[in-house]
1. Return the residues of the range 52-65 that are surrounded by fewer than 19 Cβ atoms within 10 Å (Cβ to Cβ) and not in a helix (DSSP H, G or I); say none if nothing qualifies.
2. Report those helices (runs of 4 or more DSSP H) wholly inside the range 129-195 carrying at least 3 residues which are under 16 Å from the mean Cα position of the chain (by Cα) and within 27 Å of residue 68 (Cα to Cα).
3. Where residues in the range 210-233 are surrounded by 16 or more Cβ atoms within 10 Å (Cβ to Cβ) and at pLDDT below 70, which of them is farthest from the chain's Cα centre (by Cα)?
């Protein structure tokens, strides 16, 4: 097992040279390290336009292959369709069941908004990216509606819920949160749940994607190389991956 200082240097070198970062790459890396250097892990942007709902939709869009169909700027173009990213109003308008999102007009509104900018919409194909994304929109709205009310525009209840897990001393409890989000939200996997939490400012989570696995393998933090396309990581590995080094 390498010293963490040596591992940090190896990982930074791998990111800078092997992933061929653009000229702005160094600034991106530095920005990602700020929370760790300052010790600030509490989100500072939950009250920004869109808040948590917006962030969860952005993370859902990062599902493998989705950006080729959904588009990089798709979520910011959904403001009117999703009532200013209000999960309660979205939930009330488009229904509770995932199939309701396809039958209540949401899919058709998205099709009118984005048709021609991306690949074709096919409501009859359950594997169509927009069909799956529409289900995700409904699923996230339904989930967040359990935490938000008219007096809680800052999602205080939801933030408190997250912190029950994220601030726990037991790393297995910390790792249980993305597993729960994976179960509750249609289209979310463990990695996307970690991605949402990380992007929301909870720096004890990281997205265990293929690049991180390569870094961990090259840095000898993994005892065997994991093929994420062949199988799902074990719960033991996921618990370790979800916690900060």
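The values are calculated or read from the model by the stated rules, or taken from the named source; none is laboratory data. These numbers were taken from a predicted model, which means no experiment stands behind them. Heads up, the Cβs are rebuilt from the backbone with ideal geometry, glycines too, and the neighbour counts pull from every protein chain shown.
1. Listed by number, the residues that qualify are 62, 64, 65.
2. Values: elements: 129-145, 156-166, 171-184.
Hits in the range 129-195: 129-145, 171-184.
3. This residue is 226.
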